[in-house]
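One structure is given here, and the rest of the page talks about it.
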Amino acid sequence: MNTFRVIDSHTAGEPTRTIVSGVPDELGNIGSDSLPAEHSTRLSVKERLEVMRMKFDHYRRALVNEPRGSDVMVGALLVPPQDPANLAAVIFFNNVGYLGMCGHGTIGVVETLRYLGRMQPGRQTLETCVGPVQVRLHEDHRVTVENVPSYRVIQRMPLSVEGLPALHADIAWGGNWFCLIECPDPMWLERSAAELVELSQRILAVVRETNPEVDHVELFGPPKSPNCDSRSFVLCPGGAYDRSPCGTGTSAKLACLAADQKLQPQTIWRQESYIGSSFDAEFQWLDESRGVIAPSITSRAFVNADLQVLCHEQDPFAWGISPS
Ligand code: PYC
(Lines give C-alpha, C1' and ligand atoms only; values in the text may rest on other atoms or scores of the structure.)
Protein backbone atom coordinates (compact mmCIF):
# COMPACT_ATOMS: atom_id res chain seq x y z
CA MET A 1 0.00 0.00 0.00
CA ASN A 2 1.33 3.49 -0.91
CA THR A 3 0.18 6.30 1.33
CA PHE A 4 0.46 10.04 0.72
CA ARG A 5 -0.48 13.15 2.62
CA VAL A 6 -1.93 15.87 0.44
CA ILE A 7 -3.51 19.20 1.32
CA ASP A 8 -6.30 20.55 -0.86
CA SER A 9 -7.12 24.20 -1.20
CA HIS A 10 -9.08 26.30 -3.61
CA THR A 11 -8.28 29.74 -4.94
CA ALA A 12 -11.38 31.57 -6.17
CA GLY A 13 -12.96 28.15 -6.69
CA GLU A 14 -10.07 26.48 -8.56
CA PRO A 15 -8.52 23.56 -6.65
CA THR A 16 -4.85 22.91 -5.84
CA ARG A 17 -3.60 19.66 -4.30
CA THR A 18 -0.21 20.14 -2.62
CA ILE A 19 1.75 16.93 -2.00
CA VAL A 20 3.14 16.82 1.52
CA SER A 21 4.60 13.31 1.73
CA GLY A 22 4.62 9.86 0.18
CA VAL A 23 6.46 10.35 -3.12
CA PRO A 24 9.91 8.76 -3.68
CA ASP A 25 12.89 10.58 -2.16
CA GLU A 26 14.40 10.88 -5.65
CA LEU A 27 11.75 13.53 -6.41
CA GLY A 28 13.10 15.58 -3.49
CA ASN A 29 9.70 16.58 -2.08
CA ILE A 30 10.14 19.09 0.74
CA GLY A 31 6.44 19.36 1.52
CA SER A 32 6.72 17.62 4.88
CA ASP A 33 8.28 18.79 8.12
CA SER A 34 9.27 15.22 8.80
CA LEU A 35 11.45 15.01 5.71
CA PRO A 36 14.86 16.63 5.99
CA ALA A 37 14.78 19.64 3.69
CA GLU A 38 17.47 18.41 1.34
CA HIS A 39 18.19 21.92 0.00
CA SER A 40 20.48 20.53 -2.64
CA THR A 41 21.26 23.09 -5.31
CA ARG A 42 22.22 20.50 -7.92
CA LEU A 43 19.05 20.24 -9.96
CA SER A 44 16.88 22.99 -11.37
CA VAL A 45 13.11 22.66 -10.99
CA LYS A 46 12.93 22.00 -14.75
CA GLU A 47 15.33 19.08 -14.39
CA ARG A 48 13.31 17.73 -11.45
CA LEU A 49 10.14 18.02 -13.54
CA GLU A 50 11.81 15.87 -16.22
CA VAL A 51 12.69 13.24 -13.57
CA MET A 52 9.02 13.22 -12.53
CA ARG A 53 7.78 13.07 -16.12
CA MET A 54 10.16 10.25 -17.15
CA LYS A 55 10.15 8.06 -14.04
CA PHE A 56 7.27 9.00 -11.77
CA ASP A 57 4.44 10.23 -13.94
CA HIS A 58 2.11 7.66 -12.32
CA TYR A 59 2.25 9.79 -9.13
CA ARG A 60 0.83 12.73 -11.10
CA ARG A 61 -1.93 10.52 -12.50
CA ALA A 62 -2.73 8.96 -9.13
CA LEU A 63 -2.95 12.27 -7.30
CA VAL A 64 -4.90 14.48 -9.72
CA ASN A 65 -6.92 12.16 -11.94
CA GLU A 66 -10.14 10.32 -11.17
CA PRO A 67 -11.20 8.40 -9.14
CA ARG A 68 -9.76 10.57 -6.35
CA GLY A 69 -9.05 13.73 -8.34
CA SER A 70 -10.79 15.38 -11.29
CA ASP A 71 -10.06 17.17 -14.57
CA VAL A 72 -9.97 20.53 -12.84
CA MET A 73 -7.45 19.60 -10.12
CA VAL A 74 -3.94 21.11 -10.28
CA GLY A 75 -1.22 19.31 -8.31
CA ALA A 76 1.83 20.96 -6.75
CA LEU A 77 5.03 19.26 -5.65
CA LEU A 78 7.45 21.31 -3.56
CA VAL A 79 11.11 20.51 -4.23
CA PRO A 80 14.39 22.11 -3.10
CA PRO A 81 15.18 25.50 -4.64
CA GLN A 82 18.32 25.87 -6.74
CA ASP A 83 19.05 29.16 -5.02
CA PRO A 84 19.21 28.45 -1.26
CA ALA A 85 17.92 32.00 -0.59
CA ASN A 86 14.55 30.93 -2.04
CA LEU A 87 11.80 29.21 -0.06
CA ALA A 88 11.22 26.29 -2.44
CA ALA A 89 10.71 25.31 -6.04
CA VAL A 90 7.37 24.01 -7.27
CA ILE A 91 6.32 21.62 -10.01
CA PHE A 92 2.71 22.09 -11.14
CA PHE A 93 0.80 19.33 -12.92
CA ASN A 94 -2.72 18.56 -14.13
CA ASN A 95 -4.82 15.80 -15.65
CA VAL A 96 -2.79 15.68 -18.88
CA GLY A 97 0.73 16.81 -17.97
CA TYR A 98 2.76 19.65 -16.46
CA LEU A 99 2.29 23.44 -16.24
CA GLY A 100 5.24 25.83 -16.32
CA MET A 101 3.53 28.15 -13.88
CA CYS A 102 0.14 28.36 -12.24
CA GLY A 103 -1.14 31.54 -10.58
CA HIS A 104 -4.06 30.11 -8.61
CA GLY A 105 -1.86 27.13 -7.69
CA THR A 106 0.89 29.40 -6.33
CA ILE A 107 -1.68 31.15 -4.11
CA GLY A 108 -2.94 27.72 -2.98
CA VAL A 109 0.61 26.56 -2.18
CA VAL A 110 1.31 29.68 -0.11
CA GLU A 111 -1.91 29.25 1.89
CA THR A 112 -1.01 25.57 2.37
CA LEU A 113 2.45 26.53 3.69
CA ARG A 114 0.76 28.98 6.07
CA TYR A 115 -1.63 26.22 7.22
CA LEU A 116 1.39 23.94 7.83
CA GLY A 117 3.09 26.70 9.85
CA ARG A 118 5.89 26.88 7.29
CA MET A 119 5.28 30.43 6.08
CA GLN A 120 4.63 33.65 7.99
CA PRO A 121 3.32 36.91 6.56
CA GLY A 122 6.02 38.49 4.42
CA ARG A 123 7.73 38.05 1.11
CA GLN A 124 9.42 34.92 -0.27
CA THR A 125 10.57 33.60 -3.63
CA LEU A 126 9.37 30.38 -5.21
CA GLU A 127 11.15 28.90 -8.22
CA THR A 128 8.91 27.67 -11.05
CA CYS A 129 9.79 25.99 -14.33
CA VAL A 130 9.42 29.32 -16.14
CA GLY A 131 11.29 31.47 -13.63
CA PRO A 132 11.21 32.73 -10.06
CA VAL A 133 8.04 34.35 -8.70
CA GLN A 134 7.84 36.53 -5.62
CA VAL A 135 5.00 35.73 -3.26
CA ARG A 136 3.68 37.97 -0.49
CA LEU A 137 1.55 36.53 2.30
CA HIS A 138 -0.52 39.33 3.84
CA GLU A 139 -1.61 39.45 7.50
CA ASP A 140 -5.24 38.88 6.41
CA HIS A 141 -4.19 35.68 4.49
CA ARG A 142 -4.47 37.23 1.03
CA VAL A 143 -1.57 36.29 -1.22
CA THR A 144 0.05 38.40 -3.92
CA VAL A 145 1.99 36.67 -6.68
CA GLU A 146 4.48 38.79 -8.59
CA ASN A 147 4.43 36.70 -11.71
CA VAL A 148 7.05 36.14 -14.40
CA PRO A 149 7.53 38.85 -17.08
CA SER A 150 4.53 38.80 -19.39
CA TYR A 151 4.05 40.10 -22.92
CA ARG A 152 1.94 39.90 -26.07
CA VAL A 153 3.45 38.49 -29.25
CA ILE A 154 0.52 38.78 -31.70
CA GLN A 155 -2.19 41.45 -31.80
CA ARG A 156 -5.63 40.90 -33.33
CA MET A 157 -4.83 37.82 -35.41
CA PRO A 158 -7.87 37.16 -37.65
CA LEU A 159 -9.38 33.74 -36.97
CA SER A 160 -11.78 31.85 -39.10
CA VAL A 161 -13.53 29.08 -37.17
CA GLU A 162 -16.29 27.16 -38.93
CA GLY A 163 -19.73 28.16 -37.69
CA LEU A 164 -18.47 31.19 -35.71
CA PRO A 165 -18.45 34.88 -36.64
CA ALA A 166 -15.10 36.45 -37.61
CA LEU A 167 -12.84 36.53 -34.53
CA HIS A 168 -9.61 38.29 -33.59
CA ALA A 169 -7.12 36.75 -31.20
CA ASP A 170 -4.19 38.14 -29.25
CA ILE A 171 -1.44 35.65 -28.37
CA ALA A 172 0.32 36.41 -25.10
CA TRP A 173 2.58 34.85 -22.47
CA GLY A 174 1.76 35.10 -18.76
CA GLY A 175 3.67 32.03 -17.53
CA ASN A 176 1.65 29.87 -19.96
CA TRP A 177 0.69 30.64 -23.57
CA PHE A 178 -2.78 32.09 -24.13
CA CYS A 179 -5.04 32.93 -27.03
CA LEU A 180 -7.21 35.85 -25.85
CA ILE A 181 -10.46 36.73 -27.59
CA GLU A 182 -13.00 39.46 -26.89
CA CYS A 183 -16.38 37.74 -27.39
CA PRO A 184 -18.07 39.16 -30.50
CA ASP A 185 -21.41 38.93 -28.67
CA PRO A 186 -21.68 39.81 -24.95
CA MET A 187 -24.19 36.94 -24.57
CA TRP A 188 -21.48 34.34 -25.37
CA LEU A 189 -20.46 34.02 -21.72
CA GLU A 190 -24.10 33.29 -20.79
CA ARG A 191 -23.74 29.87 -22.44
CA SER A 192 -23.21 26.72 -20.40
CA ALA A 193 -19.68 25.71 -19.41
CA ALA A 194 -19.94 22.59 -21.59
CA GLU A 195 -20.80 24.71 -24.65
CA LEU A 196 -17.97 27.17 -23.94
CA VAL A 197 -15.46 24.33 -23.52
CA GLU A 198 -16.49 22.90 -26.90
CA LEU A 199 -16.35 26.31 -28.58
CA SER A 200 -12.95 27.13 -27.03
CA GLN A 201 -11.55 23.77 -28.13
CA ARG A 202 -12.58 24.51 -31.72
CA ILE A 203 -10.90 27.92 -31.51
CA LEU A 204 -7.76 26.35 -29.99
CA ALA A 205 -7.49 23.80 -32.81
CA VAL A 206 -7.39 26.65 -35.37
CA VAL A 207 -4.95 28.78 -33.32
CA ARG A 208 -2.57 25.86 -32.88
CA GLU A 209 -2.22 25.41 -36.65
CA THR A 210 0.01 28.51 -36.63
CA ASN A 211 0.86 28.84 -32.91
CA PRO A 212 1.40 25.31 -31.57
CA GLU A 213 2.73 26.55 -28.22
CA VAL A 214 -0.69 27.95 -27.21
CA ASP A 215 -2.57 25.63 -24.84
CA HIS A 216 -5.03 27.93 -23.03
CA VAL A 217 -7.93 29.99 -24.46
CA GLU A 218 -9.47 33.01 -22.75
CA LEU A 219 -12.80 34.45 -23.83
CA PHE A 220 -13.66 37.88 -22.46
CA GLY A 221 -16.95 39.64 -22.00
CA PRO A 222 -18.63 42.21 -19.77
CA PRO A 223 -18.48 41.57 -16.01
CA LYS A 224 -21.57 40.52 -14.07
CA SER A 225 -20.43 42.31 -10.92
CA PRO A 226 -20.28 46.13 -11.05
CA ASN A 227 -17.04 45.83 -9.02
CA CYS A 228 -15.20 43.98 -11.78
CA ASP A 229 -13.64 45.21 -15.02
CA SER A 230 -14.13 42.15 -17.19
CA ARG A 231 -15.32 38.54 -17.04
CA SER A 232 -13.50 35.59 -18.58
CA PHE A 233 -13.90 31.95 -19.44
CA VAL A 234 -10.56 30.09 -19.52
CA LEU A 235 -10.04 26.70 -21.17
CA CYS A 236 -7.13 24.72 -19.65
CA PRO A 237 -4.98 22.19 -21.55
CA GLY A 238 -6.79 19.09 -20.24
CA GLY A 239 -10.26 20.27 -21.33
CA ALA A 240 -11.37 21.63 -17.95
CA TYR A 241 -12.31 25.28 -17.53
CA ASP A 242 -10.66 27.36 -14.83
CA ARG A 243 -13.06 28.16 -12.00
CA SER A 244 -10.81 31.07 -11.03
CA PRO A 245 -9.97 33.98 -13.36
CA CYS A 246 -6.61 32.17 -14.00
CA GLY A 247 -3.49 33.88 -12.66
CA THR A 248 -1.30 33.32 -15.69
CA GLY A 249 -4.24 34.17 -17.96
CA THR A 250 -4.90 37.41 -16.11
CA SER A 251 -1.18 38.22 -16.46
CA ALA A 252 -1.45 37.68 -20.23
CA LYS A 253 -4.57 39.89 -20.25
CA LEU A 254 -2.69 42.67 -18.42
CA ALA A 255 0.12 42.44 -21.00
CA CYS A 256 -2.47 43.06 -23.76
CA LEU A 257 -4.17 45.90 -21.86
CA ALA A 258 -0.79 47.52 -21.18
CA ALA A 259 0.32 47.21 -24.80
CA ASP A 260 -2.98 48.77 -25.95
CA GLN A 261 -2.62 51.53 -23.33
CA LYS A 262 -6.01 50.57 -21.89
CA LEU A 263 -4.61 50.21 -18.37
CA GLN A 264 -2.04 52.32 -16.57
CA PRO A 265 0.68 50.83 -14.33
CA GLN A 266 -0.28 50.29 -10.67
CA THR A 267 -4.00 50.50 -11.41
CA ILE A 268 -6.15 47.63 -10.14
CA TRP A 269 -7.84 45.51 -12.80
CA ARG A 270 -10.44 43.21 -11.24
CA GLN A 271 -10.89 40.12 -13.37
CA GLU A 272 -14.06 38.09 -12.79
CA SER A 273 -14.19 34.36 -13.48
CA TYR A 274 -16.95 32.38 -15.15
CA ILE A 275 -18.25 31.35 -11.70
CA GLY A 276 -18.18 34.92 -10.33
CA SER A 277 -14.98 34.84 -8.25
CA SER A 278 -12.32 37.49 -8.90
CA PHE A 279 -8.60 38.36 -8.83
CA ASP A 280 -7.15 41.82 -8.30
CA ALA A 281 -4.36 42.42 -10.78
CA GLU A 282 -1.95 45.24 -11.59
CA PHE A 283 1.32 45.70 -13.43
CA GLN A 284 4.52 47.66 -13.67
CA TRP A 285 6.50 48.15 -16.84
CA LEU A 286 9.69 46.12 -17.13
CA ASP A 287 10.44 47.27 -20.67
CA GLU A 288 7.79 49.56 -22.12
CA SER A 289 9.45 49.72 -25.56
CA ARG A 290 9.10 45.92 -25.90
CA GLY A 291 5.75 45.70 -24.09
CA VAL A 292 7.08 43.56 -21.23
CA ILE A 293 5.30 43.90 -17.90
CA ALA A 294 5.70 42.60 -14.34
CA PRO A 295 2.14 41.54 -13.40
CA SER A 296 0.93 40.85 -9.87
CA ILE A 297 -2.19 38.97 -8.86
CA THR A 298 -3.85 39.05 -5.44
CA SER A 299 -6.45 36.66 -4.04
CA ARG A 300 -7.13 34.31 -1.13
CA ALA A 301 -7.06 30.54 -1.00
CA PHE A 302 -8.77 28.31 1.55
CA VAL A 303 -7.48 24.93 2.71
CA ASN A 304 -10.45 22.58 2.48
CA ALA A 305 -8.98 19.11 3.07
CA ASP A 306 -5.96 17.52 4.75
CA LEU A 307 -6.02 14.01 3.36
CA GLN A 308 -4.37 10.66 3.57
CA VAL A 309 -4.41 9.12 0.08
CA LEU A 310 -4.15 5.33 -0.25
CA CYS A 311 -3.01 3.37 -3.32
CA HIS A 312 -3.91 -0.28 -2.78
CA GLU A 313 -1.95 -2.85 -4.80
CA GLN A 314 -5.15 -4.71 -5.79
CA ASP A 315 -6.99 -1.56 -6.89
CA PRO A 316 -6.92 -1.47 -10.72
CA PHE A 317 -7.44 2.30 -10.64
CA ALA A 318 -5.07 3.04 -7.75
CA TRP A 319 -2.86 5.06 -10.13
CA GLY A 320 -5.71 7.03 -11.67
CA ILE A 321 -7.84 6.91 -14.79
CA SER A 322 -6.20 8.86 -17.61
CA PRO A 323 -8.59 11.11 -19.56
CA SER A 324 -9.43 9.50 -22.92
O1 PYC B 1 -4.12 30.28 -12.34
O2 PYC B 1 -2.46 30.33 -13.78
C3 PYC B 1 -3.47 29.81 -13.31
C4 PYC B 1 -3.94 28.53 -13.90
C5 PYC B 1 -3.45 27.89 -14.98
C6 PYC B 1 -4.22 26.75 -15.16
C7 PYC B 1 -5.17 26.71 -14.18
N8 PYC B 1 -4.98 27.83 -13.40
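Counted over all Cα-Cα pairs of the chain, pairs farther apart than 26 Å make up 45 percent. The heavy atoms of residue 195 present about 100 square angstrom of accessible area, all protein chains included, probe 1.4 Å.
For the stretch 151-299, how big is the tail of P(r) above 18 Å, as a whole percent of Cα pairs? The proportion of pairs with Cα distances above 18 Å equals 52 percent. Rolling a 1.4 Å probe over the protein chains gives residue 5 an accessible area of about 90 Å².
Working note: Karplus 6.51/-1.76/1.60 with θ = phi - 60° gives the stretch 99-109 the couplings 10, x, 8, 8, x, 5, x, 5, 5, x, 5 Hz, where Gly and Pro are set to x. Each residue of the stretch 205-214 was assigned a 3J(HN,Hα) from its phi angle through the Karplus curve 6.51 cos²θ - 1.76 cosθ + 1.60 (θ = phi - 60°); the sequence is 4, 6, 4, 6, 4, 10, 9, x, 6, 6 Hz, with glycine and proline shown as x.
Using a probe radius of 1.4 angstrom, the carbon and sulfur fraction of the accessible surface of the chain is 48%. Lysine pairs in the chain whose alpha-carbon atoms fall under 25 angstrom of each other, counting only those eight or more residues apart or on distinct chains, come to 4. Between residue 153 and 171, 172, 173, the built amide H atoms are under 5 Å apart, and every one of these is 5 or more places off in sequence or on another chain. Test of understanding: in a Gaussian network model of the chain with alpha carbons linked when under 10 Å, which of 81, 212, 223 would top the mean-square fluctuation ranking? Residue with maximal mean-square fluctuation among 81, 212, 223: 212.
Beta bridges assigned by DSSP with both partners in the chain are antiparallel in approximately 85 percent of cases. In this label model, residue 305 and residue 155 are separated by 4.6 nm, measuring between points 7 Å along each Cα→Cβ vector. Spin-label model, residue 185 to residue 134: label points 7 Å out along the Cα-to-beta-carbon direction sit 4.5 nm apart. Each residue of the stretch 47-61 was assigned a 3J(HN,Hα) from its phi angle through the Karplus curve 6.51 cos²θ - 1.76 cosθ + 1.60 (θ = phi - 60°); the sequence is 5, 5, 4, 5, 4, 5, 4, 6, 10, 10, 5, 5, 5, 4, 5 Hz, with glycine and proline shown as x. In plain terms, the chain from residue 193 to residue 209 could stretch by 3.3 nm, reckoned as 0.36 nm per residue minus the Cα-Cα distance.
The values are calculated or read from the model by the stated rules, or taken from the named source; none is laboratory data. None of these values were measured; they are calculated from a predicted model. When we count neighbours, we look across all protein chains shown, and the Cβ atoms used for this are built from the backbone with ideal geometry, even at glycine. Note: areas computed on protein heavy atoms with side chains; ligands, DNA, RNA excluded. Shrake-Rupley method; radii C 1.70, N 1.55, O 1.52, S 1.80 Å.
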